[in-house]
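Written below as structure tokens is the structure these notes are about.
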Amino acid sequence: MPTFTTSPSKPAVLTAYFMIYVVWGSTYYVIGEAAEGMPPYVLGALRFSLAGLFMLGLAWWSGERVFQRRLVGFSALCGLLLLFTDMLAIMLALRFITSSLVAVLAASTLIWITLLDAPMWRYNLRSPAVIAGVLGGMGGVVLLYSGHLAEQGEAAAQGILIFLGGALCWALGSLISKYKASSYESVNAWSGTAWQMLAAAVLFWLCALGSGELQQVEWSGISPGAWGALAYLVVFGSVMAYSSYVWLLKIRPATEVGTHAYANPFIAIVLGVCLGHEEISFYQWVGLAVILLSLFMVNRYRVNKGIYNEG
């Protein structure tokens, strides 16, 4: 987990990017493992309850004032947009479209961030490299899953609209967290991230209760593998990777941080080949190359211009 400082070290930044690129990419597989053993709303409720309580305890132990009304309210809004709405959209969309199309649509988050990040328009929308990188990366993700995109049913349009709504909420939440968080929390605050998770947890508990999942779940029937997957999601997916994402938003341009949306499918495919011995097609190889080139192009303009902590 990174430390919230005003002068982050290069190793800390690289570690944080490793978390949101590689660790989040690995959760594509782990979420599926956990979801096989427990209902989705219960999974979300447990994941964010455990992670949020741990983060809140860490904040309290480090001497933060964790119970600030304005901080809790603002963090609850970010938690609604970033964690609850986005994850709920994934769960609902999967009822109508395949996981491959979900992965492709998830990459659209970077496009939303680029279009909505008004303070950075003078850089993002005037740079051919950034525009080409954003659009090219989306094309690379489409190539990764090109072999599966025809497997959609007649209700695909409904699932696409649901998921795009979730992606838009994630983009809005990211930008609100980047530009408004300093008005509600100190530079060293872990509390804000903790309250985001706990707010999402409360909403997932309500969904689990309202849908009947909580009453129907058989706790003794949940496999050790599902519990292990949940532990991975709590420790690595939420506590480490998500806190890294929130931290990076404070110190780096949102479009740069949002490149995780292209890196995650890339990592998911690579892990599938290396660990799951999955076959990879020619178009997927091309897609991987296009994503790598796109990530380079998005960041090249910023490095040349020295743009890091704008906004």
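Taking the conditions exactly as written (surrounded by 22 or more Cβ atoms within 10 Å (Cβ to Cβ) and modelled with pLDDT of 65 or more), does Leu135 satisfy them or not?
no
Output the residues belonging to the stretch 208-220 that are over 19 Å from Leu53 (Cβ atoms) and either touching a residue at least 60 places away in the same chain (Cβ under 8 Å) or in contact with a Phe, Trp or Tyr (Cβ under 8 Å, 6 or more places away or on another chain) (or both).
Of everything in the stretch 208-220, those that are over 19 Å from Leu53 (Cβ atoms) and either touching a residue at least 60 places away in the same chain (Cβ under 8 Å) or in contact with a Phe, Trp or Tyr (Cβ under 8 Å, 6 or more places away or on another chain) (or both) turn out to be Ser211, Glu213, Gln216, Val217.
Can you pull out the helices (runs of 4 or more DSSP H) entirely within the stretch 64-132 that have at least 3 residues that are modelled with pLDDT of 85 or more and not hydrophobic (A, V, I, L, M, F, W, C)?
Qualifying helices (runs of 4 or more DSSP H): 69-79.
Are there any pairs with C-beta distances below 7 angstrom linking a residue in the stretch 42-67 that is of a type in the set (Asp, Glu) to a residue that is surrounded by 21 or more Cβ atoms within 10 Å (Cβ to Cβ) and in a loop (DSSP other than H, G, I, E, B), with the two at least 6 apart or on different chains, and if so which?
Going by the 7 Å Cβ cut-off, the qualifying pairs are Glu64/Ala189; Glu64/Trp190.
Ile97 passes all but one of (1) more than 30 Å from Ala51 (Cβ to Cβ); (2) buried (at least 22 other Cβ atoms within 10 Å of the Cβ); which number fails?
It fails just one condition, (1).
I'd like to check something: does the stretch 171-184 contain any residue that is part of a helix (DSSP H, G or I), among the charged types (D, E, K, R) and surrounded by 18 or more Cβ atoms within 10 Å (Cβ to Cβ)?
Checked the stretch 171-184: at least one residue is part of a helix (DSSP H, G or I), among the charged types (D, E, K, R) and surrounded by 18 or more Cβ atoms within 10 Å (Cβ to Cβ).
Within the stretch 21-39, how many residues turn out to be of a type in the set (A, V, I, L, M, F, W, C) and assigned to a loop (DSSP other than H, G, I, E, B)?
First pass over the stretch 21-39, keeping only residues of a type in the set (A, V, I, L, M, F, W, C): 22-24, 30-31, 34-35, 38.
With assigned to a loop (DSSP other than H, G, I, E, B) added as a condition, the list becomes 38.
The qualifying residues number 1.
Does Ala51 satisfy being hydrophobic (A, V, I, L, M, F, W, C), closer than 18 Å to Ile31 by Cα, under 14 Å from the mean Cα position of the chain (by Cα) and open to solvent by less than 20 Å² (accessible area, probe 1.4 Å)?
Values: hydrophobic (A, V, I, L, M, F, W, C): yes; closer than 18 Å to Ile31 by Cα: yes; under 14 Å from the mean Cα position of the chain (by Cα): no; open to solvent by less than 20 Å² (accessible area, probe 1.4 Å): yes.
Judged against the criteria, Ala51 is not a match.
Could you tell me which numbered condition Leu164 fails, if it satisfies all but one of (1) under 27 Å from Trp285 (Cα atoms); (2) open to solvent by 10 Å² or more (accessible area, probe 1.4 Å); (3) part of a helix (DSSP H, G or I); (4) at pLDDT below 80?
It is condition (4) that Leu164 fails.
Mind checking which residues of the stretch 24-48 are more than 14 Å from Ile222 (Cα to Cα) and over 17 Å from the mean Cα position of the chain (by Cα)?
Tyr41
The values are calculated or read from the model by the stated rules, or taken from the named source; none is laboratory data. No experiment lies behind these values; they were computed from the predicted model shown. Using ideal geometry, Cβ is built from the backbone for each residue, glycine included, and neighbour counts are taken over all protein chains shown. Just so you know, the surface numbers come from the protein's heavy atoms only, side chains and all, with ligands and any DNA or RNA stripped out. Shrake-Rupley method; radii C 1.70, N 1.55, O 1.52, S 1.80 Å.
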